[in-house]
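In what follows, a structure is listed as structure tokens, so that the remarks can point back to it.
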Amino acid sequence: MQAWKTYQEKHKDRFLEELLGLLRIPSISADSNHQPDMLRCAEAVKKSLLDAGVSHAEIFPTQGHPVVYAEKKTDPSKPTILVYGHYDVQPADPLELWHSAPFEPTIKNGMIFARGACDDKGQFFMHVKALEMMNETGSLACNIKFIIEGEEEIGSPNLALFVASHKDLLKADVILISDTSMISLDTPSIDIGVRGLSYIEVEVTGPNRDLHSGVYGGAVANPITILARMIASCHDENNHIRIPGFYDDVLESSNDERKKMAAAPFDIKEYMKDLGVHALWGENGYSANERTGIRPTIELNGIWGGYQGEGAKTVLPSKATAKISARLVPNQSSTKITSLLLDYFRKIAPESVTVHAIEHHGGEPYMTPMNSLAYRAAEKAIEASFGKKPVPLRGGGSIPICALFEKELGIKIVFMGFGLDSDNLHSPNEKFNIENFYKGIETIPYFHQYFAEGFKG
């Protein structure tokens, strides 16, 4: 048995307790009321890295939430791995749908239920504990650096400036990210790409005040009705996106890639059962896995307007608002798509209302080359730990900083995620299987070992 595995077995209960402590901090980057919690969480991350054995750790202020940087340099002749993660989490709303308090981690049926359990505290913390194991057992095969940011869930607005102004500090041979998922412990997989993102907000205004729906209804446009029609117009009867130019730059997947995706285990009945739906929905001509991996989408993330209190109020509202996101695939530009979306909603608005459309944030799609040393090392590491070769898949989510890292630092990224698609990321009752947490800690040192061996070769 590898020395680090023996160490892990001895200390695994402590590893878990330390993660639970980190999960208790409500580090919600989108909510300014949690600014003190963001600072507290950054300090906790720095401490965890120092405790794990880094030689240097520092908190860098930004215009928003701080970045935590740390490093452990052992030998300049060895390769350097830069680990990226984020300590900020999504808001926990709606709270009434949680089975337990989102920031009081609860263990049930071998799973940790808490906001941030999988996205991304549990996953970046695997690397912290893996460093500790390798450090304590003399197994460090590579130099290692960490960049753990606090703004990923709001689009990393200040990370570009930080990376551009700290290129020497972040210099490395590969970037390793665990902010993705795998099929299951029985069928491990590696994401070979993530989709890009465009996020906008649309506000529709009708009359200059809320009106009595009996007195004015039928004569004055209802902003909620208009907004609903505008949103519905984005898709045709085949659920194909109708916005002119939306598909112009889409890089179509080859038949070979689609065949490989189709070969991955997927139980559609179990998928629907888990979600509590009786049928799936999406672009005609594509499977569920393809719709969430190789195809671009537009989704309505939130919509509100009018009276939402208890009981009835017969009102024709003055305003209605929606938050809308698009997931993008290779060759699509978030800047171009954002412009298309904003222009579309502004142009289709009838004269009876005014539209205010704004951009929130975005990011580019990213693909990992499967012939790279880093990918082969990740593949070999998972095979060594799980006993079987991982399936290559495209992830449906977005990590906006990927294209930024490659552009500014000139190095490739490899994804090693150990969460599951069913872990309720961004939803109530987010969870992370304890077994997946431990398996990730066990696998990461193998990556260091195989990357170092390949680097020498």
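The values are calculated or read from the model by the stated rules, or taken from the named source; none is laboratory data. Here the structure is a predicted model, which means the values were calculated and not measured. Glycine also receives a Cβ, built like all others from the backbone with ideal geometry; neighbour counts cover every protein chain displayed. Areas reflect the complete protein model, heavy atoms only, side chains present, ligands, DNA and RNA absent. Shrake-Rupley method; radii C 1.70, N 1.55, O 1.52, S 1.80 Å.
Quickly run through the range 204-230 and pick out the residues that are among the hydrophobic types (A, V, I, L, M, F, W, C), farther than 14 Å from residue 353 by Cα and in a strand (DSSP E or B).
Scanning the range 204-230 gives a single hit, 211.
Would you confirm whether any residue within the range 35-58 is touching a residue at least 60 places away in the same chain (Cβ under 8 Å), more than 22 Å from the chain's Cα centre (by Cα) and within 19 Å of residue 433 (Cα to Cα)?
no
Evaluate the range 136-150: report whether one residue or more is surrounded by fewer than 17 Cβ atoms within 10 Å (Cβ to Cβ), closer than 22 Å to residue 39 by Cα, modelled with pLDDT of 95 or more and of a type in the set (A, V, I, L, M).
No, the conditions are met nowhere in the range 136-150.
Can you find, within the range 214-249, the residue that is most open to solvent (accessible area, probe 1.4 Å) among those that are over 29 Å from the mean Cα position of the chain (by Cα) and under 14 Å from residue 345 (Cβ atoms)?
229
If you go through the range 158-213 one residue at a time, how many are among the charged types (D, E, K, R), crowded, with 24+ Cβ neighbours inside 10 Å and in contact with a Ser or Thr (Cβ under 6 Å, 6 or more places away or on another chain)?
Residues flagged as among the charged types (D, E, K, R), crowded, with 24+ Cβ neighbours inside 10 Å and in contact with a Ser or Thr (Cβ under 6 Å, 6 or more places away or on another chain) within the range 158-213 amount to 2.
Which numbered condition in (1) at pLDDT 95 or above; (2) touching a strand residue (DSSP E or B) at 6+ places or on another chain (Cβ under 6 Å) is the only one that residue 409 fails?
Of (1) at pLDDT 95 or above; (2) touching a strand residue (DSSP E or B) at 6+ places or on another chain (Cβ under 6 Å), only one is false for residue 409: (2).
Which one of these is among the acidic types (Asp, Glu), in a strand (DSSP E or B) and either touching a helix residue (DSSP H, G or I) at 6+ places or on another chain (Cβ under 8 Å) or at pLDDT 95 or above (or both): 201, 237?
201
Please give the number of the condition residue 274 fails out of (1) part of a helix (DSSP H, G or I); (2) touching a Ser or Thr at 6+ places or on another chain (Cβ under 8 Å); (3) surrounded by 13 or more Cβ atoms within 10 Å (Cβ to Cβ).
(3)
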